[in-house]
Every structure is written in C-alpha cells, then in structure tokens.
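Reviewing the structure listed below.
The values are calculated or read from the model by the stated rules, or taken from the named source; none is laboratory data. Quick caveat: nothing in here was measured; it's all calculated off a predicted structure. Here Cβ is always computed from backbone atoms with ideal geometry, including for glycine, and neighbour counts include all displayed protein chains.
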Amino acid sequence: MPDESAHKAYENGYYIEAIQILHGWLENQSRSYLMLVGAVHFDAQQKDTWDLTDTISLNDTLKVLRILNQITHDDFVQFKNFNSLRNKIIHQYFKEPYEKIYEGYPKEKYDEVFNETIRQAYFFTEKCEQIVG
C-alpha cells in the first residue's frame, strides 16, 4: 500500500520520496473519485473516461470536484494550501541558488506535509467507498 511504503521511506529519512509517493496516491485517489462521480451521477462510461481522467492534474481534479459540489469550499482550500506547500518543498529541493547557500526546509514542514497528505488521501478513499458501497 502506498501509505505503508511512504511511512517506511519517511522513517528511513527519505522525506522527498515519501511525500512524492503520497502525492501520487492522493492524486490517484482524487481522480478515482472524480471518475466514480462521473459514472454514478452523470452516467459516464468508465471505459470512456479512464484514460482522460488519468491526465488531469490534482489541482484541476480538485477544481472539477468543487464545481460539482463533491467537496466543500473548506476542503478545496485545504487541499490547495497543502498542494502549494508541497510544491514549495519539492521545488525548493531542486533550486540552484547563485551566491547563497540553500538551507532547505525544516523537518517540521516535511512532517506537516506528510501527515496532511495521508489524511487527505484517506479522505478520497472514504469518498470512493461511500459511492461504491
């Protein structure tokens, strides 16, 4: 399971890897939820939407789910805030400063992103389970 792999990576000090595993899982779970909403509530055919859904970014998936009133405004804001923080951490890792030394992010920020991502992935897992039954 992605959460178990991410926990193991995190415990071994591979913070970026752990966060990326969870981000991929969160993105996958949100896409699965969008696909289920389409199939159940809008009569979309899974075979027709599977590949299309797989190309939608997390941000765009969140926007569509918000427009369809499948997540609340507060959920939407929380997901967007998390994704912004996650992007800052990941992109700063690859930043090449010119004359300054890049110190990175404190571990507390990694902990915050890691723990929030797990919570958010389970959020979509539970939403999918509610539709499937």
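Scanning region 1-33 for residues that are in contact (Cβ under 8 Å) with a residue 60 or more places away in the chain and hydrophobic (A, V, I, L, M, F, W, C) yields ALA6, ILE16, ALA18, ILE19, LEU22, TRP25, LEU26.
Figure legend. Inter-residue proximity from region 75-94: first residues over 17 Å from TYR122 (Cα atoms), second residues among the hydroxyl-bearing types (Ser, Thr, Tyr) and at pLDDT 80 or above, beta-carbon distance below 9 Å, spacing 6+ or different chains. Indicated pairs: ARG86/THR117; ILE89/TYR15; ILE89/TYR110.
Take the residues in region 108-133 that are of a type in the set (S, T, N, Q) and within 14 Å of the chain's Cα centre (by Cα), then tell me which one is farthest from VAL37 (Cα to Cα). Here the answer is ASN115.
ILE21 passes every criterion in (1) over 17 Å from LYS127 (Cβ atoms); (2) over 16 Å from the mean Cα position of the chain (by Cα); (3) surrounded by 18 or more Cβ atoms within 10 Å (Cβ to Cβ) apart from (2). The residue of region 46-94 that is nearest to ARG31 (Cα to Cα), among those that are modelled with pLDDT under 85 and surrounded by fewer than 10 Cβ atoms within 10 Å (Cβ to Cβ), is ASP51.
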